Amino acid sequence: MRKHVLALSAILLLSAAPAHAITGNFVDDFEHPFVGLVVFYDQNGDFSHRCSGSLLSPRVFLTAGHCVDGVNSARVYFQQGAGANFDPVLGIDPVTGYPEDCFTSPCTTSDELYNFGYPAGFPNTKDIGLVILDQPINLPEYGKLADAESLNVFTNKKGQQSLTLTPSGYGLTYTNPSRTVSFRERLMVTSKLQNLTSALNDGFNMQASNNVGIGGGTCFGDSGGPTFYGGFSSNTIVGVTSFGLSSHVCAGVDFSYRTDQTAVIDFILDHAPANERNLIQIVPL
């Protein structure tokens, strides 16, 4: 999974190595079966990187724009332990086939990828991507999008830290220059909203705490995974994991690109298969 790292000294977005996911006081995420592990391949069909994302309908998979940038195809796994049994000698997970094949369902492929406009100017990086699946993944529930501008009600509230957010994703739970731990399992954790209007956000991104004392957050990586409004049981998406401020330690603050923007919702609906547009739920907070 990719997650961009912001170099504060230069205020530049840098691309981190593919990997990683939820850190802190995480729990296994069996609550959101529509959150998947997506593997991307280049024009030669070779593995490029992995990210997270979420189904909004049977074929519409939401992820980050920098995940779909520069790649040609994808495969998406929806098992909670999508790559948990990865064998470095075999180069695959013998249970699921990750990252080269689909041995068990639910799993499918795609060569229909859409980029909202990433890379674009900062802070409006347009970091939204879509993967339209070859085969539908039929589930009892899917992610829901928050109404456009829903989070604006919190814009001028200094006590934003009372708002709980729940990111979900796959993979890395700890990293420093000498050690990484990656489970390749779907995990979730609670975090707290910190800011919507700073120069790093400006209405396009939302900044959340990655403090283990109040839950945790994402580690660099986990890109494209949903940020839910509320606690573990919420299915309402308000953003996708986009970038962080630390290139080594999974700490500090996280940034998600907001999905509660009119242009983002229009982009998703415009690129959804015609017969699934009415299946994508847009709900008030």
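Annotations
- Residue 55 out of contact with any helix residue (DSSP H, G or I) (no Cβ under 9 Å at 6 or more places or on another chain) and of a type outside the set (D, E, K, R): yes
- Restricting 124, 85 to residues that are surrounded by fewer than 20 Cβ atoms within 10 Å (Cβ to Cβ), closer than 26 Å to residue 243 by Cβ, touching a Phe, Trp or Tyr at 6+ places or on another chain (Cβ under 9 Å) and not aromatic (Phe, Trp, Tyr) narrows the list to 124.
- For the stretch 68-88, a residue qualifies if it is more than 16 Å from residue 187 (Cα to Cα) and at pLDDT below 95, and the qualifying residues are 86, 87, 88.
- Test set (1) part of a loop (DSSP other than H, G, I, E, B); (2) touching a residue at least 40 places away in the same chain (Cβ under 8 Å); (3) more than 22 Å from residue 60 (Cβ to Cβ) - residue 121 fails condition number: (2)
- Selection within the stretch 97-124 - under 20 Å from residue 265 (Cβ atoms) and modelled with pLDDT of 95 or more: 112, 113, 114, 115, 116, 117, 118, 124
- Considering 57, 52, the condition of being assigned to a loop (DSSP other than H, G, I, E, B), in contact (Cβ under 8 Å) with a residue 40 or more places away in the chain and either buried (at least 24 other Cβ atoms within 10 Å of the Cβ) or of a type outside the set (Lys, Arg) (or both) is satisfied by 57 alone.
- Verdict on residue 71 being in contact with an Asp or Glu (Cβ under 9 Å, 6 or more places away or on another chain) and either free of Cβ contacts under 8 Å to residues at least 60 places away in the same chain or assigned to a strand (DSSP E or B) (or both): yes
Listed here are the residues, each with its yes/no results for (1) farther than 14 Å from residue 183 by Cβ; (2) hydroxyl-bearing (Ser, Thr, Tyr); (3) not assigned by TED's automatic domain parsing to the domain that holds residue 277.
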position	(1), (2), (3)
57	yes, yes, no
61	yes, no, no
69	yes, no, no
79	no, no, no
98	no, yes, no
107	yes, no, no
112	yes, no, no
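- Condition met for residue 196 (over 28 Å from residue 78 (Cα atoms), surrounded by fewer than 24 Cβ atoms within 10 Å (Cβ to Cβ) and at pLDDT 90 or above): yes
- The set of residues from the stretch 104-121 being of a type outside the set (D, E, K, R) and either surrounded by fewer than 16 Cβ atoms within 10 Å (Cβ to Cβ) or over 29 Å from residue 80 (Cα atoms) (or both) comprises 104, 105, 117, 119, 120, 121.
- Failed criterion for residue 71 (all others in (1) under 28 Å from residue 165 (Cα atoms); (2) in contact with a His (Cβ under 9 Å, 6 or more places away or on another chain); (3) not polar (S, T, N, Q) hold): (1)
The values are calculated or read from the model by the stated rules, or taken from the named source; none is laboratory data. The shown structure was predicted, so the numbers you read here are calculated from the model rather than taken from an experiment. Cβ coordinates were reconstructed from backbone atoms using ideal geometry, including for glycine residues, and neighbour counts include every protein chain displayed.
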